[in-house]
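Q: Here it is, the structure in full.
Where a number appears in this text, it was derived from the coordinates with a stated rule and is not lab data. On a predicted model such as this, the values are computed, not experimentally measured, just so you know. So basically every Cβ, Gly included, is an ideal-geometry build from the backbone, and we count neighbours across all protein chains shown.
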Amino acid sequence: MHRITRYLRLYFLIEAQYIKARMQYRADFIISSIGMFFSSLATLGIFWILFGSITELAGWNFMEMVFIYAFYMIAISPMQIIFDHFWQLRYHVTEGTFLKYYFRPLNMMFYYISEMFDLKGLTQLAAGIVLLVYASIQLNIQWTIARVMLLLASLFSASLVQIAVVVSASCAAFWVMNSWPVLSLAWKLREFSPYPMSIFDGAFRVLFTYVIPIGFVAFYPSQIFLRPEQVSPLAYASPLVGIGLFALAYRIWTLGVNSYTGTGS
Amino acid sequence: MSLIQIKDLNKHFNVLNRREGLGGAFLDLFSGDYNIVRAVDGVSFDIEAGEMIGYIGPNGAGKSTTIKMMTGILKPSSGAILVNGFPPHANRIRQAQIMGVVFGQRTQLWWDLPVIESFKILKDIYRVDQKTFDDHMGLFNELVGLKQLYKQQVRTLSLGQRMLCDITASFLHNPQVVFLDEPTIGLDISVKAKMRTVIKELNQTRNTTIILTTHDLGDVEALCRRIIIIDKGKVLFDGDVKKVNALFGAYRTLKVQVNDFDESTLKALAGQMIQHFGTNNGISISEVEKHWTDITIDQARTPLADVLSFVMTNFPVHDVRIVEISMENVVQKVYDGALS
């Protein structure tokens, strides 16, 4: 417990400084936030066009899709905001700058992620929350305290799934000279996650459910709130999936860190 | 008990024997043809608390690999390594608290933050109390005028300023041992001198053990009493720096460019040197490069400054350079048996 409060304190200390430094580049912050906002909305635009010609996608209507998408936006935000530094792991590994993360008396993953905090991701998080509230009003979803708690737990584990996928993919850099293909696969797969898994054909559905389970980033956990009466048992497995995957990703990271030899100096 | 104990330390890497060309690269995918590279090959030494060690050797000698094992980044292939009684690799977090590291020119400070904020974060990471922190920062302000850099972002510092900040940072938590890897590389002479003063001061006042890897033999000469020379993964020499000094410390080459140079200049120079400094003066003169006269001086016999002032007053000197003996030369001399 003491350790957690110490790390939280350190995290806020470092991030407060980091944000202060970033804020000096105000134009950069504003422009990238606007960009983030519109790129988030772009997928909604696709839905809107799609539902101009159809009324249901694999049995899901437009507003339900909006709900799933809002869930997705919130679930990917912690990856975007807190774990953003992982996208750059391959540079640190190939250029030898990764060595410095070994020298502090801190958990290495903590020290590594603490060096970056993606402010523009906050725009995405805010947009996701607004959209989720809007969609649940439109869908007339009844919220009880228990269901709100369940929603928070589901979002937490869904975000762990997203984090685990990117962390594992980034760690390829420890063993592969050019790990970009692996990382870009993780990036592209992300775009499949706000869709009902039932629209994918057999092999892909199995892939997205059991192998690289991006179905758990939004679709499966959303079902609990959208159609509690016909939820597949998979939806309730999602907290386990999140925690299990993150543990696996952390293990891969540890193996990578221990096998890293650095570059010559 | 010694602070650092290393016994029969080995680190071997398996390196694939690569074939040439695109077809070769494809075949390599299925190849099991590995070469074992013995980066560190049976190294043993002990280091006592408070020592300042010059750990030197040519590129690829195994210096970095040893340091990486001492700092806990790499796990030894075999052999024992104990720092403060613990194997570093198995106790990384605990060991990090008692170590300071400056690794070449890669800063460990926060690139976007003002210098002072970096130090404040480090204060929290290492749980340094306010008084120790203030004393430490005060000392560095006194030694190198650090205060004027406090508000600057790390990214805007010059290389010399950044290295000073990195060194300050590495000593902040009063570590028992500090690893300095090429701390003076790329720095101009005045900053280099400052850096040496600071390192010496800290070693003496705090009894901090310092392990210095460098290409600059001047650093070793100015700072260390003991030197460990390593080449091809093996310790070539471990002992008093004075012994090695005879190989590099005492010799300097003074390169002078004289106006209206010709054959007679060289002769005149040699003649007047003998007249002035005697026959056993340890000076040899040759023309290696066009228009440059090389005067190699054994400082044990004749001080360089005397020779320099003599040449400057008696000849129309156009340009002067002072060159130290290179690391490769030293290692070669050791192989040739100069120390045995």
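Q: Along region A:123-139, what does the Karplus equation 6.51 cos²θ - 1.76 cosθ + 1.60 (θ = phi - 60°) give for ³J(HN,Hα), rounded to whole Hz, x for Gly and Pro?
A: 4, 5, 4, 4, 4, x, 5, 4, 5, 5, 5, 4, 5, 6, 5, 4, 7
Q: What's the average, rounded to a whole number, of partner chain beta-carbon atoms within 10 Å of each residue's beta-carbon in A:12-19?
A: Whole-number average of other-chain Cβ neighbours for A:12-19 is 3.
Q: Another question about this same structure. Counting other Cβ atoms within 10 Å, which GluC sites (Glu not before Pro) in region A:1-94 have at most 14 and lie in a DSSP loop?
A: Numbers: sites: A:Glu15, A:Glu56, A:Glu64; in loops: A:Glu56.
Here the sparse-neighbourhood loop sites are A:Glu56.
Q: Can you tell which of B:Pro114, B:Pro316, B:Pro58 shows the greatest fluctuation in a Gaussian network model of chain B with Cα springs below 10 Å?
A: Sorting by GNM fluctuation, first place goes to B:Pro316.
Q: With θ taken as phi - 60° and the coefficients 6.51, -1.76 and 1.60, list the Karplus ³J(HN,Hα) couplings across region B:193-203 in order, rounded to whole Hz; mark glycine and proline as x.
A: 4, 4, 4, 5, 4, 4, 4, 4, 4, 5, 4
Q: Tell me whether the protein assembly as shown comes out rounded, prolate or oblate; compute the Cα gyration tensor, take square roots of the eigenvalues as a ≥ b ≥ c, and use a/c under 1.5 as the rounded threshold. If you can, show how the numbers build up before the last one.
A: Values: a/c = 2.52, a/b = 2.33, b/c = 1.08.
Prolate, since a/c reaches 1.5 and a/b exceeds b/c.
Q: How much mean residue ellipticity at 222 nm does chain B get from its helices, if each DSSP H run of length 4 or more adds -39500 (n - 2.57) and you divide by all residues, to the nearest 500 deg cm²/dmol? Intermediate results must be reported in sequence, preceding the final value.
A: Details: 12 runs with 129 residues, N = 340.
So the calculated ellipticity at 222 nm is -11500 deg cm²/dmol.
Q: HN-Hα J couplings of region B:157-167 from phi, Karplus 6.51/-1.76/1.60, θ = phi - 60°, integer Hz, Gly and Pro as x?
A: Ordered by residue, 3J(HN,Hα) equals 6, 6, 4, x, 4, 5, 5, 4, 5, 5, 5 Hz.
Q: Next question, about the same structure. By counting other Cβ atoms within 10 Å of each Cβ, how are A:Phe29, A:Phe174, B:Phe26 ranked from fewest to most?
A: Working: A:Phe29 16, A:Phe174 20, B:Phe26 11.
With the fewest neighbours first, A:Phe29, A:Phe174, B:Phe26 line up as B:Phe26, A:Phe29, A:Phe174.
Q: Taking springs between alpha-carbon atoms closer than 10 angstrom, which of B:Val115, B:Val144, B:Val37 fluctuates most in the Gaussian network model of chain B?
A: Fluctuation is largest for B:Val37.
Q: Going toward the positive end of the dipole of chain B, with +1 on Lys and Arg Cβ and -1 on Asp and Glu Cβ, which of B:Gly23, B:Phe13, B:Gly57 do you reach last?
A: The residue sitting most towards the positive pole is B:Phe13.
Q: If you don't mind, another one. What does the charge count near A:Glu56 come to, summing +1 for each Lys or Arg and -1 for each Asp or Glu among other residues with Cβ under 14 Å from its Cβ? Spell out each step's value before the answer.
A: Working: positive: A:Arg227; negative: A:Glu64.
Every neighbour counted, the sum reads 0.
Q: Tell me, in nm to one decimal, what length is gained between B:Ser264 and B:Ile116 on full extension, where the rule is 0.36 nm per residue of separation less the Cα-Cα distance? List each step's numbers first, then the result.
A: Working: separation 148, 0.36 × 148 = 53.28 nm, distance 6.04 nm.
Answer, rounded to one decimal: 47.2 nm.
Q: Using per-residue counts of other Cβ atoms within 10 Å, averaged over each peptide, order B:2-10, B:268-276 from highest down.
A: Numbers: B:2-10: 17.9, B:268-276: 14.7.
The most tightly packed comes first, giving B:2-10, B:268-276.
Q: Using the count of nearby Cβ atoms within 10 Å as a rough guide to exposure, how do A:Ile212, A:Ile199 rank from fewest to most?
A: Details: A:Ile212 18, A:Ile199 14.
Exposure proxy ranking, most exposed first: A:Ile199, A:Ile212.
Q: Calculate the spin-label point distance for B:His318 paired with A:Asp201, positioning each point 7 Å from the Cα along the beta-carbon direction, and give it in nanometres.
A: The answer from the label model is 8.1 nm.
Q: On to the next question. Given R₀ = 35 Å, FRET efficiency for A:Tyr7-B:Gln204 by Cβ-Cβ distance, to 0.05?
A: Numbers: r = 36 Å, r/R0 = 1.04.
That pair, A:Tyr7 with B:Gln204, gives E of 0.45.
Q: Per-residue mean of other chain beta-carbon atoms within 10 angstrom of the beta-carbon, peptide A:222-231? Working shown, then result.
A: Numbers: counts 0, 0, 0, 0, 0, 0, 0, 0, 0, 0.
That average works out to 0.
Q: Applying 1/(1 + (r/R0)^6) with R0 = 60 Å to the Cβ-Cβ distance of A:Ala126 and B:Lys234, what FRET efficiency is obtained, to the nearest 0.05? Present the calculation step by step, with values, prior to reporting the outcome.
A: Details: r = 61 Å, r/R0 = 1.02.
Taking R0 as 60 Å, the efficiency between A:Ala126 and B:Lys234 is 0.45.
Q: Ok, one more. I want the antiparallel fraction of DSSP beta bridges within chain B, as a percent rounded to 5.
A: Numbers: 42 of 60 bridges.
Percentage antiparallel, nearest 5: 70.
Q: What is the sum of charges, Lys and Arg at +1 and Asp and Glu at -1, for the other residues whose Cβ falls under 10 Å from the Cβ of B:Ser284?
A: On the way: positive: none; negative: B:Asp294, B:Asp298.
The answer is -2.
Q: Continuing with the same structure: If you take every DSSP beta bridge whose two residues both sit in the protein assembly as shown, what share of them, in percent to the nearest 5, is antiparallel? The partial results should precede the final answer.
A: Numbers: 43 of 61 bridges.
Here the antiparallel bridges make up roughly 70 percent for the protein assembly as shown.
Q: Between B:Ile98 and A:Thr94, what FRET efficiency comes out of the Förster formula 1/(1 + (r/R0)^6) with R0 = 35 Å and r the beta carbon distance, rounded to 0.05?
A: On the way: r = 30 Å, r/R0 = 0.86.
Efficiency for this residue pair is about 0.70.
Q: Within chain B, which is the longest segment containing none of the GluC sites (Glu not before Pro) that sit in a DSSP loop and have at most 15 other Cβ atoms within 10 Å? Could you put the intermediate results ahead of the total?
A: Numbers: sites that count: B:Glu20, B:Glu48, B:Glu289.
In chain B, the maximal stretch lacking such sites is B:49-288.
Q: Taking amide hydrogens as modeled 1.01 Å from N in the peptide plane, which residues meet the under 5 Å criterion relative to B:Glu51, leaving out close sequence neighbours?
A: B:Ile210
Q: Can you give the net charge of the other residues whose Cβ lies under 14 Å from the Cβ of A:Phe47, counting K and R as +1 and D and E as -1?
A: Cβ neighbours under 14 Å give a net charge of -3.
Q: Helix A:2-22 sits at what angle to the longest principal axis of chain A, using alpha carbons and giving 0 to 90 degrees rounded to 10?
A: For A:2-22 against chain A, the angle is about 90 degrees.
Q: Check which residues have an amide H placed less than 5 Å from B:Leu236's amide H, if you skip close sequence neighbours.
A: Answer set, sorted by chain and number: B:Ile229, B:Ile230, B:Asp231.
Q: Let me know the charge dipole size of chain A about its Cα centre in debye, to the nearest 20, where only the beta-carbon of Lys, Arg (+1) and Asp, Glu (-1) is charged.
A: Working: 16 positive and 11 negative charges, 152 e Å.
Dipole magnitude for chain A comes out near 720 debye.
Q: Given H placed on each backbone N at 1.01 Å, which residues far from B:Val40 in sequence or on other chains put an amide H within less than 5 Å of it?
A: B:Lys11
Q: Another question about this same structure. Under 20 Å Cα to Cα from B:Lys232, which lysines show up? Leave out anything in the same chain fewer than 8 places away.
A: Qualifying lysines at Cα under 20 Å: B:Lys7, B:Lys11, B:Lys63, B:Lys68, B:Lys75, B:Lys333.
Q: Rounded to the nearest 500 deg cm²/dmol, what is the calculated helix-only ellipticity per residue at 222 nm for chain A, with -39500 (n - 2.57) per DSSP H run of length n ≥ 4?
A: Only helices count here, giving -23000 deg cm²/dmol.
Q: What nm value, rounded to one decimal, do you get for the distance between A:Leu139 and B:Gln130 when each label is placed 7 Å out toward the C-beta?
A: 5.3
Q: Something else now. Using a 10 Å cut-off on Cβ to Cβ distances, tally the other chain neighbours for every residue of A:93-102 and report the average as a whole number.
A: Working: counts 0, 0, 1, 4, 4, 2, 9, 6, 2, 11.
If you average over the peptide's residues, the count of other-chain Cβ atoms is 4.
Q: Can you tell which of A:Ser198, A:Ser159, A:Ser114 shows the greatest fluctuation in a Gaussian network model of chain A with Cα springs below 10 Å?
A: Largest GNM mean-square fluctuation: A:Ser198.
Q: To continue, here is another question. Towards the positive end of the charge dipole of the protein assembly as shown, with charges on Cβ (+1 Lys, Arg; -1 Asp, Glu), say which of B:Cys165, A:Gly202, A:Val93 has the farthest Cα.
A: About the Cα centre, the residue reaching furthest to the positive side is A:Gly202.
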